[in-house]
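Inspection log for the structure reproduced underneath, given as structure tokens.
The values are calculated or read from the model by the stated rules, or taken from the named source; none is laboratory data. Given the structure is predicted, the values throughout are model-derived calculations rather than measurements. As a convention, Cβ positions derive from the backbone with ideal geometry for all residues, glycine included, and neighbour counts pool all protein chains shown.
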Amino acid sequence: MTQTVQAIQIDAFGGPEQMKLREVSVGEPGPGEIRIRHRACGLNFIDVYQRTGLYPNPLPLTLGMEGAGIVEAVGEGVTHLQVGDRAAYASNPPGSYSQARVMPAKTVCRLPDAIDFETGAAMMLKGLTAQYLLKKTLPVQGLQPGDHVLFHAAAGGVGLIACQWAKALGLQLIGTAGGAAKCALALEHGAAHAIDYTKEDFVARVKEITGGKGVKVVYDSIGKDTFERSLDCLRPFGLLASFGNASGPVPPFQMGSLGPKGSLYVTRCTLFTHIATRDSAQAMADDLFEVVGSGQVKIRIDQRYPLADVAEAHRNLEARKTTGCSILIP
């Protein structure tokens, strides 16, 4: 059975004006696939990268990497989901900006009854990102309770989850954010310190907070504007984990500079390596569901937009006008 649903597509890479609300056909799932009817869709900076072509995909492209809803149909070989299940996901390929879609079942997880659809849609990509950063992307010396870490964009969707989760792990998270209100939000959600990068030199403040030692790890989703100075925040053998490009791609740099700065480590990580298998995706989701279900991490949704208003949502995200998580209602 084929049905017609609304979806947001682009025919060319570019600005928010490239996104068009269209009627598209959705058929039956094939082997290893499901069809899901969305109740809410997540909004993430990776959607901007894909819209602009920084992360190119075949065109025309339905955007969106994250959603939650009801499983409508299950393809051959799918055993972990059934028709009628409440489910949520962060997944490739894109396609969540839609009322319904057919997609690979591998990274779709059954959503616990205690977690509503909006929270499920808002937390999967961002929450699983926080999970792999704090639990898997670790400096060679490891992280122990009391250790300082630096987290850029601490008042954003990933940042507010990371602030809370780091506190639950006993870490001293130093967050950067733009403006007093965003810094207060990071502190409210568990950051030990907040640095307003519009008024303060974050390198000097990090050194001051850590008694001149620096941090073991910097989690950096900003990219071009922060990369070099993030290196200066690290103690010897520290790790810079680059996981985004909000200000633009990191330009080429001299590998030789890592030695004099303290034999530093640099990694460019992505969620989709970590959720590449069914077992790893489910284990990470279970960890996320547990920490959210326990109340240690609360998912803050500060922006809700109708699917048709997605261009406004993207403009606000790119202008850094948003806090917490944003969702689309199809």
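List of remarks:
- Residue check, ILE70 surrounded by fewer than 22 Cβ atoms within 10 Å (Cβ to Cβ) and assigned to a strand (DSSP E or B): yes
- Of LEU317, LEU288, LEU234, all but one fail to be of a type in the set (A, V, I, L, M), in the same structural domain as LEU160 (by TED's automatic domain parsing) and either touching a Leu at 6+ places or on another chain (Cβ under 8 Å) or on the phi > 0 side of the Ramachandran plot (or both); the exception is LEU234.
- Any hit, region 92-105, residues being surrounded by 24 or more Cβ atoms within 10 Å (Cβ to Cβ), polar (S, T, N, Q) and either in contact (Cβ under 8 Å) with a residue 12 or more places away in the chain or part of a loop (DSSP other than H, G, I, E, B) (or both): yes
- Any hit, region 134-142, residues being under 23 Å from THR210 (Cβ atoms), crowded, with 18+ Cβ neighbours inside 10 Å and of a type outside the set (S, T, N, Q): yes
- Positions within region 177-192 being within 13 Å of HIS152 (Cβ to Cβ) and touching a Ser or Thr at 6+ places or on another chain (Cβ under 8 Å), in sequence order: GLY178, LYS182
- Of all residues in region 76-91, those being in contact with a strand residue (DSSP E or B) (Cβ under 6 Å, 6 or more places away or on another chain) and not in a loop (DSSP other than H, G, I, E, B) number 4.
- Within region 295-330, considering residues that are polar (S, T, N, Q) and not in a loop (DSSP other than H, G, I, E, B), the one nearest to GLY64 (Cα to Cα): SER326
- If you go through region 39-75 and keep only what is over 13 Å from the mean Cα position of the chain (by Cα) and of a type in the set (Val, Ile, Thr), you end up with THR52, THR62, ILE70, VAL71, VAL74.
- Among the criteria (1) at pLDDT 95 or above; (2) closer than 23 Å to SER247 by Cβ, the one GLY157 does not fulfil is (1).
- Count of region 47-60 residues which are outside any loop (DSSP other than H, G, I, E, B) and surrounded by fewer than 23 Cβ atoms within 10 Å (Cβ to Cβ): 4
- Which numbered condition TYR89 misses (of (1) closer than 30 Å to ASP196 by Cα; (2) in contact with a Cys (Cβ under 7 Å, 6 or more places away or on another chain)): (1)
- Scanning region 117-134 for residues that are farther than 14 Å from ILE275 by Cα and of a type in the set (D, E, K, R) turns up just one, GLU118.
- Meets criteria (crowded, with 24+ Cβ neighbours inside 10 Å, in contact with a strand residue (DSSP E or B) (Cβ under 9 Å, 6 or more places away or on another chain) and farther than 18 Å from GLY324 by Cα) for VAL149: yes
- Residue, surrounded by the fewest Cβ atoms within 10 Å (Cβ to Cβ), within region 243-261, restricted to residues that are in contact with a Lys or Arg (Cβ under 9 Å, 6 or more places away or on another chain) and touching a residue at least 40 places away in the same chain (Cβ under 8 Å): PRO249
- Identification of strands (runs of 3 or more DSSP E) wholly contained in region 203-294 with 1 or more residues that are of a type in the set (S, T, N, Q) yields 234-242, 265-268.
- Residue in region 169-181 that is more than 20 Å from GLU318 (Cβ to Cβ) and in contact (Cβ under 8 Å) with a residue 60 or more places away in the chain present: no
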